[in-house]
1. In whole Å, how far is the Cα centre of region 282-354 from that of region 167-209?
2. Give the calculated FRET efficiency between D79 and L164 to the nearest 0.05, with a Förster radius of 30 Å applied to their Cβ-Cβ distance.
3. For a quick check: sort E359, E149 by the number of other beta carbons within 10 angstrom, fewest at the front.
4. Based on other C-beta atoms within 10 Å, arrange I84, I337 from fewest to most.
5. Return the long-range amide H neighbours of Y284 (sequence gap of 5 or more, or a different chain), with a cut-off of under 5 Å between placed amide H atoms.
6. So for C81, C286, C332, fewest C-beta neighbours within 10 Å to most, what's the order?
7. Could you let me know the centre-to-centre spacing of region 230-265 and region 60-77, using Cα atoms, in angstrom?
Amino acid sequence: MSVRRLLSLPLKNYPGIPPILCAAHAVDSKRSLPPDSVMAPVWSPFTTVAPMSSIPIINIEPLLHGEHGQRQVAKEIGDACRGIGFFYITGHGVAPTDLQAAFDKSAEFFKSPASVKTRAAFVGPGGNRGYIKLGEETLDPSKPPDMKEAFNIGLELAPDDPDLLAKKPFRAPNVWPDVPGFRTTMLAYFRQMWDLGRTLHRAFALDLGLESSYFDDKFKKPMATLRLLHYPPIDKPLDGGQLGAGEHTDYGNVTLLATDASGGLMVRERGGRWLDAPVMKGAYVCNIGDCLMRWTNDTYVSTPHKVVTPLGKDRYSIAFFLDPDPDAVVACLPTCIDAKRSAKYPPISGADFLRSRLEPTYRGTG
């Protein structure tokens with residue numbers, strides 16, 4: 001199975017390309033980009049504009065069905081995790097209707113009156129659930145608060161769940177707004193993302209020289225968060241370096257992101273340049289988080305990224321952040337150390353690691 005590479009080219013060289021999408025070209029002649037992607041001229045050594053970076057597009061269907069080719073897919077994912085830290089996945093098995101239903105309910109919530117949203121207010125970083133209004137989150141502490149609002153949904157637990165009754169870290173009831181069908185739609189989508197995230201961990205394990213089931217018992221009751229995001233429209237660039245989402249790396253193991261067609265996601269390549277990440281309908285944008293980077297002793301790398309809010313339009317996205325179980329021990333994997341390379345980090349529980357990253361992010365929340 002081959003990997004297609006998206007070559008991001010400066011849009012100013014192609015004046016006819018819509019600004020909401022990064023120019024892209026699929027270098028695998030046997031496959032074509034989805035019709036909603038934008039095609040740019042093929043780059044070659046004889047052109048005057050070099051590609052700025054590449055984000056691989058990987059068909060993960062063999063992982064879902066146990067087909068021949070799983071190890072090749074795992075290698076492609078591993079190469080991306082060691083490189084730019086971002087990759088697109090197709091062949092993931094999520095129906096377009098399910099994704100659209102989640103976006104529809106998300107938009108319905110964010111368009112609701114303020115009274116509906118505030119009744120489902122954020123419960124604080126210890127629970128990490130509920131509505132976060134504009135200005136309550138600062139991903140880049142050196143910049144003004146992010147220009148976005150969000151709604152966090154965690155693992156749904158029964159009222160008599162022992163972890164919930166014991167008030168263990170990151171165990172809290174979900175907060176549900178008064179939006180018909182919202183809870184049912186989001187819990188169904190949460191489950192699909194959880195399953196997909198565990199599938200990706202089987203690929204990580206294979207690539208890292210472990211049994212494919214290595215991570216299974218570490219994601220039985222994960223500190224996963226389904227995050228609905230809305231970036232309100234702006235009529236001019238923001239002042240003081242303010243962004244829709246400030247520069248940051250993600251905290252957990254892996255993020256699966258679906259976006260609308262507005263664009264705005266930017267990724268910092270290893271050389272320091274900021275690159276537009278093209279919108280590809282039907283594909284998820286995945287990236288490695290700090291927890292998996294620590295688990296792999298920096299074999300995999302988490303990549304800084306940010307969101308620049310497009311002018312004059314709403315932007316909606318849905319992210320699924322998969323963190324391990326609270327009591328999972330995040331310790332250097334046995335295949336990521338040797339006689340010349342010792343462990344860089346001491347063991348830590350999943351809960352303690354996530355808490356260390358979440359608490360500085362919020363200002364004035366519970």
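1. Computed from Cα coordinates, the inter-centre distance equals 16 Å.
2. On the way: r = 40 Å, r/R0 = 1.34.
Using R0 = 30 Å, I get an efficiency of 0.15.
3. Numbers: E359 11, E149 20.
With the sparsest Cβ surroundings first, the list reads E359, E149.
4. Details: I84 21, I337 14.
Ranking I84, I337 by Cβ neighbours within 10 Å, fewest first, gives I337, I84.
5. I89
6. Values: C81 28, C286 25, C332 20.
The fewest-first ordering by Cβ neighbours comes to C332, C286, C81.
7. One Cα centre to the other: 31 Å.
Read-outs throughout are calculated quantities, based only on the coordinates presented, and are distinct from any laboratory measurement. Predicted, not measured: the structure shown is a model, and the values here were computed from it. Quick reminder, even Gly has a Cβ in these numbers, built from the backbone with ideal geometry, and neighbours come from all protein chains shown.
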